[in-house]
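Asks: One structure coming up, written as C-alpha cells, with questions to follow.
The values are calculated or read from the model by the stated rules, or taken from the named source; none is laboratory data. This structure is a prediction, so every number in the text was calculated from the model and none was measured. Neighbour counts run over all protein chains shown; Cβ positions are idealised from the backbone, glycine included.
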Amino acid sequence: MYDLAATNYYLRLLRSSSAQWLSDRMWWISVTPKAQQSIEIDDIHEVLAGGTPPEVRQEDGYELPITLHCPVVAFFVHRSAGDGTVSILNLSSESASLRDYCRALSSGASALGIEWGGRTWEAIAYAEDGDIVAYFPEGFSRELAGGTNPEALSQELQFIHQFSEDSPAGVLAQKAAALAILEARSGLRITEEWLNSTHEVVYVDVPVGVGDSAYGDAIASPPTIPNPPDAWPHSKKSELLFRIIDLLVAKFGFEWPEIAEARSAYGSGHVPEEALHTEVMDRTLRLGRDWLQATNEYESSAANSGLMRLRWRAGIAVRVALREIEQSNPKLSSLQLAKEALGTEWPTVQQHILNL
C-alpha cells in the first residue's frame, strides 16, 4: 500500500540542506471525507480556529508564517484533487495538539496525522467521527499505543518500523516513511517547489486543546451570561460587540483607526474591506510579539509580562469582535476572550446584556 520509492524521496529531502529543518519539526493531518460526502473548506477553517472567526490569508512561501516570532499557529491548508482530501500542515514552532485536531477534524470524515519536533517525539494518530481510533506517541511507540482500536494503524506501524532506530538511517528513515504514508493518504507530495509556492494559511491565536498558562484561564472557564443571547437579532449582538470593543479600547488605550473605520462602514450598511481586518490581525501579532519579548527579557518583571499578555488577549478580543459583527449569526466567542482581559470590569458587560 505504501511506497518505498516515496520513502527514499523523503529521506533525500530530509537530508537536503534547504529542507533539513523538516526533520526537526513536522505536523501534518490528512482529512478524508466519507463516501458520497465532501469537505467544505470553510468548515475546516472554522475547526482550525476553534470556533472563532478564522483569519485566512494567501501567503507566498512558507517562511513568513513560521518566522513571525508570535504566539500564533499558522496552518497551511491544501485540497488535493480527486477525492477532496484536505491536508493541514503546521510548520511553525508553536505547539498544536495532534490528537485534539485529529478528533475535531474527523467529524463526518477520517483524519490521519503525524508530528515531531518542539515538545513532542514522533507520533501518529488516526481518528474517525470525532474519536481517536489509534495513537502511537514517543517514537511511534507500540508500547504506548492508545485509542479505541490501535490495530487500525497496524499497516502504518509495520511500514514505519521496518526501519530500525539502530539502522544507518535510523529515526530519519522512520520520519521519511511517515511522510510517505501521509503522501499516499492525501495525494500531496512535499517538495521544495511546493514549500515556496503560494499557500492558503489560517492563523490561529488559541489552538484547539491548548490548556497551558500562556493562553490563560479563559479557555477553561467561559463567561456566565445571564439571558443567553442566542436568539437576539443581529442589531443587538452588534451593539454588545461594539460595547465590548469600547471597553477594551478605553482600558488598554487601543487608538486603532480601523475601529473607527469599521464603525463608519457598519453604520452605513457596508462591510469593511478585508484590508482592515488584515491590519487588525497584524496589530494582534505585534501585541503577541511584545508579550513574548517581555516574557523572555531577563530584567522584565512578572507584572509587566502579565500586563503585556493581557494587552495581547484584549487585542485578540477586539479582532474577533470586529469579525463577528459582520457574521449573520455571530457566536459571540469574543466574550470569552474579553472576560479575561476586562477582569473586574466584566460585570458591566453582564449588566449591559441585561439592559439589552
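Asks: So, in the range 100-143, of the ones that are without any contact (Cβ under 8 Å) to a residue 24 or more places away in the chain and of a type in the set (Phe, Trp, Tyr), which residue ends up surrounded by the fewest Cβ atoms within 10 Å (Cβ to Cβ)?
Replies: Among residues in the range 100-143 that are without any contact (Cβ under 8 Å) to a residue 24 or more places away in the chain and of a type in the set (Phe, Trp, Tyr), the one surrounded by the fewest Cβ atoms within 10 Å (Cβ to Cβ) is Trp121.
Asks: Among the residues of the range 75-89, is there at least one that is over 20 Å from Ala184 (Cα atoms), of a type outside the set (Lys, Arg) and either assigned by TED's automatic domain parsing to the domain that holds Ile190 or touching a strand residue (DSSP E or B) at 6+ places or on another chain (Cβ under 6 Å) (or both)?
Replies: Keep residues of the range 75-89 that are over 20 Å from Ala184 (Cα atoms), which gives 75.
With of a type outside the set (Lys, Arg) added as a condition, the list becomes 75.
Next cut, either assigned by TED's automatic domain parsing to the domain that holds Ile190 or touching a strand residue (DSSP E or B) at 6+ places or on another chain (Cβ under 6 Å) (or both) only: 75.
For the range 75-89, residues over 20 Å from Ala184 (Cα atoms), of a type outside the set (Lys, Arg) and either assigned by TED's automatic domain parsing to the domain that holds Ile190 or touching a strand residue (DSSP E or B) at 6+ places or on another chain (Cβ under 6 Å) (or both): present.
Asks: Next question. Going by the conditions given, is Ile259 surrounded by 18 or more Cβ atoms within 10 Å (Cβ to Cβ), of a type in the set (Val, Ile, Thr) and either over 26 Å from the mean Cα position of the chain (by Cα) or modelled with pLDDT of 90 or more (or both)?
Replies: Numbers: surrounded by 18 or more Cβ atoms within 10 Å (Cβ to Cβ): yes; of a type in the set (Val, Ile, Thr): yes; either over 26 Å from the mean Cα position of the chain (by Cα) or modelled with pLDDT of 90 or more (or both): no.
Spelling it out, it is not the case that Ile259 is surrounded by 18 or more Cβ atoms within 10 Å (Cβ to Cβ), of a type in the set (Val, Ile, Thr) and either over 26 Å from the mean Cα position of the chain (by Cα) or modelled with pLDDT of 90 or more (or both).
Asks: Test Arg283 against the criterion of being under 18 Å from Ile259 (Cβ atoms) and either of a type in the set (Val, Ile, Thr) or not assigned by TED's automatic domain parsing to the domain that holds Pro54 (or both), and give yes or no. Full working, then the answer.
Replies: Values: under 18 Å from Ile259 (Cβ atoms): yes; either of a type in the set (Val, Ile, Thr) or not assigned by TED's automatic domain parsing to the domain that holds Pro54 (or both): yes.
The answer is yes for Arg283.
Asks: Looking at (1) surrounded by 18 or more Cβ atoms within 10 Å (Cβ to Cβ); (2) within 19 Å of the chain's Cα centre (by Cα), can you tell me which one Pro272 breaks?
Replies: For Pro272, the exception is condition (2).
Asks: Shifting gears a bit: What single numbered condition from (1) in contact (Cβ under 8 Å) with a residue 60 or more places away in the chain; (2) under 25 Å from the mean Cα position of the chain (by Cα); (3) surrounded by 13 or more Cβ atoms within 10 Å (Cβ to Cβ) fails to hold for Leu247?
Replies: (2)
Asks: Among Arg289, Arg311, which is more than 15 Å from Ala341 (Cα to Cα), touching a residue at least 24 places away in the same chain (Cβ under 8 Å) and either surrounded by 15 or more Cβ atoms within 10 Å (Cβ to Cβ) or not hydrophobic (A, V, I, L, M, F, W, C) (or both)? Break it down into steps so the answer makes sense when it comes.
Replies: Numbers: Arg311 fails: more than 15 Å from Ala341 (Cα to Cα).
The conditions single out Arg289.
Asks: I'm trying to understand the selection: among the residues of the range 185-199, which are part of a helix (DSSP H, G or I) and more than 16 Å from Ser30 (Cα to Cα)?
Replies: Taking the range 185-199 first, the residues part of a helix (DSSP H, G or I) are 185-186, 192-195.
Within the range 185-199, Glu192, Glu193, Trp194, Leu195 meet the criteria.
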